[in-house]
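Asker: Here you go, one structure.
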Amino acid sequence: MSDDRGASAIFIAMAMVLLVGVAAVAIDLSRGWNERRQDVTAVDLAAVAGSLSFPQGQSAVADQVMSSARMNLDTTYSDADWTALWTACVGPPPAGFTPVNHSTLGSLDCIGINPSFLWVRLPDQVVDTSFGKVLGANSLSTGAEVTVTLLGGSGNGALPFAIRANSGSGEVCLDTSTGSKIVPPCDGNESGSFGNIAPPLFGNELLGTSPSCGNQTSANNYVPQSIAMGMDHVVFNFTASAWAATGWSADANTSNSSVDSVANMDECTDTGGAVAQAADGSPINAVYVDTGNSTKTDITEGLMTGTGFPDGGGARLTRSSNKRTIEGIGLDNTPLWVYLGTSAAGPNPEDGHGIVACDGSTINALVDIEDKNDAMRACLEGYPSSGGPQIFSDDILQSPRVGTAPRLWHNNLGSGLSYRPVKTLDLIYLHALFFDDKDDTVFYPGEDTSSVNLDKFKEIEQVTAYLLVDSMVSVDVHSELGGFGNDTFQPEIFE
């Protein structure tokens, strides 16, 4: 038994070495995990900050990403070291993304953009170990990446309808008929399609679209699904200063070559199966407008008859629980005044707005649909153009008729295919549908819900919309709809 003396001390010593080693590793790993948490926070904030600068161009995006990430890390870097980290950072960005091209730093592989998303990968952050050196591990590397969507919360972008610069408040024309079938507010100035926008697809996971640049010279490529779901990418403003610098008149026509030299056109390229924005990937601020051609088939499919769109939904106006049946198809039948608050005082922001003409219950109490529509137009036309109180509840988001559409810098769109700079993005409510049948049937939302059988139904001939002022709705509505211009841009983390 005497030979066993001291054995327990040896075991205790061995156990202590093991316990101390485990504790040492745990301490180093905890430092690594702490750094990793910082990295995730830093890259999230950096991506959001960068996306907010997207309308100002790629250099502004990169500067905001790098500046924000640096502010949210504990590690102190010199300017030179921080810049070197980003220029040496190796991506590459995911398929369909273009590395940001900084004006002085060149191409940055760890910041990728496309017209739908911004992707950021934080350069590896190195944590020196204290006890790990004993095991041969002198440092730990951590990092993080994130993608921010440039559209709204549900991924919907602007609707592919052009609005002329001189369009006033109230009701506007989105798509016009021809000849004797033209009904105000349409005037047939473009003889056929008023201002149908033919967007390409850049691919957007939120909407289920697959990228395609095919047949860009035709208005019929992806118009129906862009109407049903909204364009799958964001469009920004061609700024007032940029417009002034062109010397163009709002009443003049411009050639594609003129627009190409000063604006970023909504077009894409397909190289080896990877779709990216044409030119340098800067924010799109000029849309492809087709006028003078009939697009009744596209309009009808996108608003009424289309099925099996990439996001799993049907035609835009079938995406509602309150419907009126037309030719066996249920179309949204909720009028705009349903979402109006009252003019009397109340607990909600949309209540107590003080605009008597915009009292929803008063308009709803009218009997005749024409009287209701006239009252709704009077409300919108009397609302302060410079901004006023919120008058619509957030329930307006339940309506498939609500969206945004590009207002162009031009009043005269001429005839044919052209790119047109975008002045702003207007909030709209799709209103009247004029059908191409013998009786020139019109469907106004808010009519009785009985079925309508058109006489010799063909297609939707004309579409109008109510123009809404941005301040009529809350910031939550802006954020969810997406597709707004610079001032109301609301990006959010996608993954």
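The values are calculated or read from the model by the stated rules, or taken from the named source; none is laboratory data. Bear in mind the structure is a predicted one, so any value in this text is a computation, not a measurement. In this analysis, Cβ positions are derived from the backbone assuming ideal geometry, glycine residues included, and neighbour counts consider all displayed protein chains. Ligands, DNA and RNA are stripped out before the accessible areas are found, and what is left, the full protein with its side chains, is counted by its heavy atoms. Shrake-Rupley method; radii C 1.70, N 1.55, O 1.52, S 1.80 Å.
Asker: Suppose each label sits 7 Å from its Cα in the direction of the beta carbon; what would the residue 329-residue 78 distance come out to in nanometres?
Answerer: 6.7
Asker: Can you send over the solvent-accessible area of residue 377, 1.4 Å probe, protein chains only, in Å² to the nearest 10?
Answerer: 50
Asker: What's the ranking of 436-442, 460-466, 79-85 by average number of surrounding C-beta atoms within 10 Å, highest first?
Answerer: So the order, starting with the most tightly packed, is 460-466, 436-442, 79-85.
Asker: Hey, another quick one. Figure the gain on full extension for residue 40 and residue 126 (residue separation times 0.36 nm, minus the Cα-Cα span) and round it to one decimal in nm.
Answerer: 29.5 nm
Asker: Classify region 35-134: rounded, prolate or oblate, from the alpha-carbon gyration tensor (a ≥ b ≥ c, eigenvalue square roots; a/c under 1.5 rounded; otherwise prolate if a/b is larger than b/c)?
Answerer: Here region 35-134 falls in the prolate category.
Asker: Report the gain in length on full extension from residue 378 to residue 258: 0.36 nm times residue separation, minus Cα-Cα distance, nm rounded to one decimal.
Answerer: The residue 378-residue 258 span can extend by a further 39.3 nm.
Asker: Of the listed pairs 296/438; 372/456; 296/456; 181/372; 181/323, which have alpha-carbon separations greater than 20 Å here?
Answerer: 372/456; 181/372; 181/323
Asker: Next up: Based on the mean of other Cβ atoms within 10 Å per residue, sort peptides 51-63, 399-411 so the most packed one is first.
Answerer: The densest-packed peptide leads the list: 399-411, 51-63.
Asker: Further, regarding this structure: Mind ordering 421-429, 327-335 by average Cβ neighbours within 10 Å, highest first?
Answerer: Highest-to-lowest ranking by the protection proxy: 421-429, 327-335.
Asker: Ok, one more. In terms of solvent-accessible area of protein heavy atoms at a 1.4 angstrom probe, what is the ranking of 458, 296, highest value first?
Answerer: Ranked list, largest accessible area first: 458, 296.
Asker: Next question. As a test of reading the structure, rank 339, 77 by solvent-accessible area (1.4 Å probe, protein chains only), most first.
Answerer: 77, 339
Asker: Which FRET efficiency value, to the nearest 0.05, do you get for residue 187 and residue 88 by plugging their Cβ-Cβ distance into 1/(1 + (r/R0)^6) with R0 = 45 Å?
Answerer: Approximately 0.15, to the nearest 0.05.
Asker: Another question, then. Heavy atoms of the protein only, probe of 1.4 Å, neighbouring chains included. What is the accessible area of residue 173 in Å², nearest 10?
Answerer: Accessible area, nearest 10 Å²: 10 Å².
Asker: So how exposed is residue 386, as accessible area in Å² (1.4 Å probe, rounded to 10)?
Answerer: Residue 386 exposes around 110 Å² with every protein chain in place.
Asker: Ok, one more. With a/c under 1.5 counting as rounded, go ahead and sort region 343-488 into rounded, prolate or oblate using the C-alpha gyration tensor (a ≥ b ≥ c being the square roots of the eigenvalues; past the cut-off, prolate if a/b is larger than b/c, else oblate).
Answerer: It comes out oblate by the Cα gyration axes.
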